[in-house]
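Structure first, then comments.
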Amino acid sequence: MTATQGRVRPRAIGTPLDRLDGRAKVTGSARYAYEQPVGEPVYLHAVQATVARGRITGIDTEAAAAVPGVLAVLTHRNAPRLADTRDAELAVLQSDAVAFRGQFVGGVVATTSEAARYAASLVRTTYDTQPHDSVLRPDRDDLYAPESVNGGFATDTEQGDVEAALASAAVTVDQTYTTAMNHNNPMEPHTTVAVWNDGELTLYESTQGVHMVRSQVAPLFGLQPDEVHVVSPFVGGGFGSKGTPHAPVVLAAMAARLVPGRAVRFALTRPQMFFVAGYRTPTVQHIRLGADRGGRLTAISVDAVSQTSRIKEFAEQTAVAARMMYAAPHRRTTHRLARLDVPVPSWMRAPGECPGMFAAEVAMDELAEACGLDPVELRIRNEPATDPETGRPFSSRNLVACLREGARRIGWERREQAPRSRREAGHLVGLGVAASVYPVFWMPGSSATVRAGAGGRYTVSIGAADLGTGTWTALAQIAADALEVPVERVELRIGDTAFPPASVAGGSSGITAWGSAVVHAARRLRETYGNAPPDGAEATGETGDNPATERFAMYAFGAQFAEVRVDEETGEVRVPRLVGVFAAGCVINPKTARSQLVGGMTMGLSMALHEESHVDGRLGQVANHDLAEYHIAANADVGDIDVSWIDEDDPHVNPMGSKGIGEIGIVGTAAAVANAAHNATGVRVRDLPITLDKLLGDPGAGNGPAVRRR
Amino acid sequence: MEFLRPATWQEALAAKAEHPTAVPIAGGTDVMVEINFDHRRPDHLLDLNRIAELEEWETGEDTVRLGASVPYSRIMAGLRTELPGLALASHTVASPQIRNRGGVGGNLGTASPAGDAHPALLAGGGAVEAESVRGSRLIPIDDFYTGVKRNALAPDELIRAVHLKKATGPQQFSKVGTRNAMVIAVCAFGIALHPDTRTVRTGIGSAAPTPIRAKAAEEFLAAAMDEAGLWDSGKPVPPAVAKQFADLVSGAANPIDDVRGTATYRRHALGVMARRTLGWTWQQYRDHQGSKSCA
């Protein structure tokens, strides 16, 4: 048996260990990027474009430069030339072109943050403004098909004859669904502290991957990777927006070049996070389902439209979940993009699955209604024996168990099949269900080093990230079990490029990939040195390849249920209960896992009811670019969230038997809420978010000719 | 920006006289937001937090003199009998932290149509005590709101207190928001029954350029109740009367479409809230009448 194979015997794994970094965080001694001690730092404030498209014709920095404390004013005229400008999002200040409103056009470095910010407000820029186009509309004639979509998936797929199957189907659903533009809004803003010493760059960065930052920033500045040092021990959330470098880190590194030896501190303001830190594209999804009278799907068709920026393509993989979720012999999926004068879209928690499963799972609810079937039963009837797209068996697939357990927990038997038939104290009450799914991605390329110390202690090093998710704790539990020692004897070191390479915390793959490398390293140490290695003995392991990924389709599944209460007269909607049951393999730490899933479902609730970035087409910008107007769910909006998981043993995914849990919690929540709202009111809301006025619509109006029964 | 920190009320008035454009700040729940957003950058901020008497109230025979800076959390805890409508409205302000900081003086100074206190103040009735080095005056609440975020204060005046009529009957407040806390109202409605004068007063928030009363609705309801002898009989308000009242409240509004809601939705919701709060207050009145006749 090689070191990557064979299961780790769980001892610490599976126990609800308190966060090892918890004390440091609640006492405020955990240092985030901005708080790193760096001598006498100076401060950077960005200058942003005030037009959505055009060219800079003049940029007057005189008043800014005259502000006491100002050390430098950066513009495209004096900014360092980058060695590599192929990534236009990162080619900061390399030309006079403005591609979207809010794009960086300059920056001010000063001895205080106040002086920098004030001086930045004095920079006067004039533009040759060109007409802009910033609002996604699906009826444009210039939509285009990208070469592939995010994650490297095919843009379009087709199996069988969808049109013929739809034409002959006994029951069809043909509807269009939309999801809103959402912004990630982690608590901690995007932050960089940059310092140049002897031609090398050190970045204290709030990031989902220190090695990812190193590998992407180094070529911009013509450096070798080992000339860029990235440090990020603690991160206050990212949700994907810190998963790839955006413009801020480049601007900070440029600014630091002007003051060698001094650290430049740069944190985005909350409003700036709505322009230069990524976001979830709005989507428009045309879904057609065909089924027999018993609800068995014969055809699935999803045509997804989303937006990208003119300078850099990002193609949300909205329709990929529809390729594998349910059995149907005939299916097609397409992705089309509108290229707009907008900031660059990027990852936000479960890109693809999150918006895609909203539309697909509401469509399934509509199909259940059209067939007169219980929506849980409809999903069970459409369970595929193997992955419908590849024909491979699932390494484990326990959606049905999740549906049944969730139904039990929410009291599904009390659900009235007919909408708008349960009233309690002036409220219409309904229950809804949706399925969740998230792929198990195998990310190669991580290494870990295990070093034996005195007294049976071990130091485990890997350049992994903890976004607040619990890596510090869960990875220590894995290392302890791989070494067969108590957790107390493991010292974990992560969040620094001084440690071995680690893949980015993305695609819910972190613990899977890093844990596999740690296990490999621990086993190698044991193979070489036995159970009592000498002080200083060291072994390195890699994530390596998992041949099982070629043989099996690997996914985590879940079922989400919602109870929704709607004020019959005002349309005010409350969600007193959410139930989520997940099948995600071995759960490393039930305590931090529960937090991840509760957090994902809360974010899904927020997506369902609140989150919407309103683009003002005249200005070409998000109008509600702050947390006063961009609503996320408040404490008072969140009722009881019941999270559980079923025992699932998956021998194929990795040595821990674990699947990622960072993203699946948000997948399906919004659909469960929308479906429950329909069960409560009879109003089918197909456009997120579900606001008061939408629920006052004509009950049943949405169930017109688009659902056909023969 | 100069930051003025008067130690006494007299010093505050003197500072406002000297710097009429100075922006008073107490809880800061409106002013700090505007400064953060760069919506305003006043030459002078006038900090009223050292002036203890602004955080006190006095209860007289018929009125409560409520200091401008008494925080909402203390109104909720201490004045629910005297000022039930305002106490209910205070419950819906933002979050516990903000309710500990903000007070009615700030709502009045900002005079936003969305201020949560306004419908209750209009419905309960009262007057704003404005003072300057020139002297003190009472501005009836009905005359206080003069335009979008404008009020009847002279540039040298500060709000010392509000004089609010102690409730002589039930009062209610209702608000619709797009989330359950920390939210600017889509629209809000306050109602107060005044059995002593056999009148009903109302207040509408977030549905017109200023907070307003629905006077036609009030007059209709008073006449209908008088005619039917309801104040004496305590009989239920006939549904047709309640509906007409609700329709008149809807009609009094002059709302706009914005990201929080459409004008149509606001009119609809106001009608619902008017009918509901009338029902609640009238039931409270009847319960009270019943308990009196039993005693």
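Under 5 Å between amide hydrogens, built in the peptide plane, is the criterion, and for B:G102 it picks out B:Y72 among residues at least 5 positions away or on other chains. Taking the inverse of the mean 1/r over every pair of distinct Cα atoms in the protein assembly as shown gives a Kirkwood hydrodynamic radius of 31.1 Å.
Note on B:V148 and A:T176: the model spin-label points, each 7 Å out from Cα along the C-beta direction, lie 3.3 nm apart.
Take each residue of peptide B:174-181, count the partner chain Cβ atoms within 10 Å of its Cβ, and average: the result is 6. Sketch the reach of a paramagnetic label on B:R198 as a point 7 Å from Cα along Cα-to-Cβ, and name the residues of the stretch B:204-224 whose backbone nitrogen lies under 17 Å away. The answer is B:218-224.
Rg over Rh for the stretch B:52-295 works out to 0.96, using Cα positions for both radii and the Kirkwood form for Rh. Working note: Karplus 6.51/-1.76/1.60 with θ = phi - 60° gives the stretch B:57-71 the couplings 10, 10, 9, x, 4, 10, 9, 10, 9, 9, x, 4, 9, 4, x Hz, where Gly and Pro are set to x. Sorted ascending by nearby beta carbons within 10 Å, beginning with the fewest, A:V173, A:V519 become A:V173, A:V519. Per-residue Cβ neighbour counts within 10 Å put B:D142, A:D303, B:D43 in the sequence B:D43, B:D142, A:D303, beginning with the fewest. Local charge for A:V42 was computed over the other residues whose Cβ lies under 11 Å away, with Lys and Arg +1 and Asp and Glu -1, and equals +1.
Among residues other than A:E200 whose Cβ falls under 11 Å from its Cβ, what is the net charge (Lys/Arg +1, Asp/Glu -1)? Net charge in that neighbourhood comes out at -3.
Averaging the Cα positions of each part gives two centres, and for the stretch A:202-241 and the stretch A:347-400 these lie 37 Å apart.
Where in the stretch A:601-623 does the label zone of B:D258 land, with the point 7 angstrom along Cα→C-beta and an amide N cut-off under 19 Å? Only A:610-619, A:621-623 pass the distance filter. For A:I641, the residues 5 or more places off, or on other chains, whose built amide H falls under 5 Å of its own are A:L578. Note: relative contact order over the stretch B:52-295, using C-alpha pairs below 8 Å and six or more positions apart, is 18 percent.
From the alpha carbon centroid of the stretch B:53-69 to that of the stretch B:90-122 is 16 Å. Taking amide hydrogens as placed 1.01 Å from N in the peptide plane, the amide H of A:V47 sits under 5 Å from those of A:V105, A:G106, A:G107, A:V108, each at least 5 positions away in sequence or on another chain. Extension gain, A:Q224-A:R423: 0.36 nm per intervening residue step, less the Cα-Cα distance, totals 65.0 nm. Charged neighbours of A:D139, selected by a Cβ distance under 15 Å, balance to -1 (K, R count +1; D, E count -1).
Derived scalar couplings between HN and Hα for the stretch A:34-39 equal 5, 9, 5, x, 9, x Hz in order, rounded to whole Hz, by the Karplus curve 6.51 cos²θ - 1.76 cosθ + 1.60 (θ = phi - 60°), x for Gly and Pro. Full extension of the chain segment joining A:E569 with A:E40 gains 184.5 nm, where the gain is 0.36 nm per residue of separation less the Cα-Cα distance. By the beta-carbon count within 10 Å of each Cβ, the least crowded to most crowded order of A:K659, B:K16, fewest first, is B:K16, A:K659. Projecting label points 7 angstrom from Cα along Cα→Cβ for A:K25 and A:D156 puts them 4.6 nm apart. The calculated 222 nm mean residue ellipticity attributable to helices in chain A amounts to -7000 deg cm²/dmol, summing -39500 (n - 2.57) over DSSP H runs of n ≥ 4 and dividing by all residues.
Rounded to the nearest Hz, the phi-derived 3J(HN,Hα) couplings of the stretch B:184-194 under the Karplus curve 6.51 cos²θ - 1.76 cosθ + 1.60 (θ = phi - 60°) are 7, 4, 5, 6, 9, 8, x, 9, 9, 8, 10, where x marks glycine and proline.
Here, each number is a calculation from the coordinates, and none is a lab measurement. For clarity, every value in this text was computed on a predicted model and none was experimentally measured. Methodologically, a virtual Cβ is constructed for each residue, glycine included, from the backbone with ideal geometry; neighbour enumeration extends over all protein chains shown.
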